[in-house]
Every structure is written in structure tokens, then in C-alpha cells.
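The values are calculated or read from the model by the stated rules, or taken from the named source; none is laboratory data. Since the model is a prediction, treat every value here as computed from it, not as a measurement. So basically every Cβ, Gly included, is an ideal-geometry build from the backbone, and we count neighbours across all protein chains shown.
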Amino acid sequence: MEGWEQMIDVNLKGTLYGIAAALPIFKGQGSGHIINVISTAGISIVPTMGVYAGTKNAVRTIGEALRQESQGRWRVTGISPGYVATEFVSNIKNEEVRNTIQQNADRMAIPAEAIARAIAYAIEQPDNVDVGDMVIRPSVQG
């Protein structure tokens, strides 16, 4: 239960507030592109990560619904990174989970630039092309 409130606030509510802020602009200009950074933890569910995975899957579902509801007016891309060399791990409250994730990250993390390149790829596509979901992870990640 430790950290659930903050996790839900950041991962789910933060995404919803970001979308809510962008939609009036998108409506005014007639187009737009939402990029949601999700996680491979929402694809490969593991013990102790259920709430985190749930928030990430909620973001995936909300993004897909938004894409369909827009009827082609805006694009929505979900990027699911695996282990990436960032400061993310230091924010995990549960010490056991934090240590496990840190050990895996130390062993295999890819540079954040790989995620940036994936985002750029999605954005650079023609207006009538929507890159839905991408998984970007270390080639050795299970």
C-alpha cells in the first residue's frame, strides 16, 4: 500500500490532467498528438507491481479510447520503456522493490536517448499515420 496514492496521482491523474490541458489546443488547431509514456511493467505483470501496472494499463486504455473518439483528428502513441538509465528507481518507496529494480537496471538499462528517438519517430510520421504502441527495452530484458 505504500506509495499507492502518489503513484495513482502521478501516473493516472497526471496523464488525465495533461490530456485535459492539451485537448482545447488540439480542438482549436484541428489536430494534435498525445505521447503517453507507459511501461513494460504494464505488459509483463510481476508480483509487488500490480498497482503500478494497473495505472500504466489504465493510461494505455485511456489513450486508445481517446484516439478512437477523436475520429482521426489527433494521434495517440503509447511508449512502453523497459529498463532505462534514469533516476526513476530512487522514487520507489518499497525498499525491496527498489533494490530489485535497481539491480536489473544496473545490469541492462538502455540510455534515455533510445526512448527519445522512439518518440521522435512517432511524431515525424505524416498526419494520417498513427503509431499506436511501441515497446522499447533492452534486448536482454525478459
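Numbers for the structure displayed
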{"read-out": "The range 1-40 - residue that is in a loop (DSSP other than H, G, I, E, B) and out of contact with any strand residue (DSSP E or B) (no Cβ under 8 Å at 6 or more places or on another chain) and, of those, nearest to residue 90 (Cα to Cα)", "value": "3"}
{"read-out": "Residue among 78, 142 that is in contact (Cβ under 8 Å) with a residue 12 or more places away in the chain, among the small types (Gly, Ala, Ser) and farther than 21 Å from residue 11 by Cα", "value": "142"}
{"read-out": "Number of positions in the range 84-127 that are under 22 Å from residue 58 (Cβ atoms) and either of a type in the set (S, T, N, Q) or outside any helix (DSSP H, G or I) (or both)", "value": "6"}
{"read-out": "Residue list for the range 114-142, filter: small (Gly, Ala, Ser) and within 16 Å of residue 35 (Cβ to Cβ)", "value": "114, 116, 118, 120, 122, 132"}
{"read-out": "Qualifying position, being of a type in the set (Val, Ile, Thr), buried (at least 17 other Cβ atoms within 10 Å of the Cβ) and modelled with pLDDT under 85, among 84, 76, 89, 59", "value": "89"}
